Amino acid sequence: MVSSLGVPVVLCAALGGETGDVLGHLLPADGVTVRSMRVGSRNGAYVHDRRDGEREQVADAAGSRWIGTSATRSTSSP
């Protein structure tokens, strides 16, 4: 929505696991720059079936605890 106003948009995301692999391909859009980093944890996901007009949850996979890489961890105290 912001990009439709002509404002530069950058979406930052930590992507991991199979869901992260899929998200990495789905996130890019016109007017949006995606900055992503692979992480050692997995993103959560859910699947809803709305074919009958109602939302029915078909599957749910919780994400795991975030595990960064050495590049994402702070090495100094604030």
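The values are calculated or read from the model by the stated rules, or taken from the named source; none is laboratory data. What you see is a predicted model, and the numbers here were worked out from it, not measured in a lab. Positions of Cβ are backbone-derived with ideal geometry, glycine not excepted, and every protein chain shown enters the neighbour counts.
Filtered by the rule that a residue be under 30 Å from Val7 (Cα atoms), acidic (Asp, Glu) and loosely packed, with under 11 Cβ neighbours inside 10 Å, the stretch 21-62 gives a lone residue, Asp30.
Say we look at the stretch 56-77 and pick out the residues that are outside any loop (DSSP other than H, G, I, E, B) and not polar (S, T, N, Q); which of these is modelled with the lowest pLDDT? My answer is Ala61. The set of residues in the stretch 11-52 that are of a type in the set (S, T, N, Q), within 9 Å of the chain's Cα centre (by Cα) and part of a strand (DSSP E or B) contains only Ser36.
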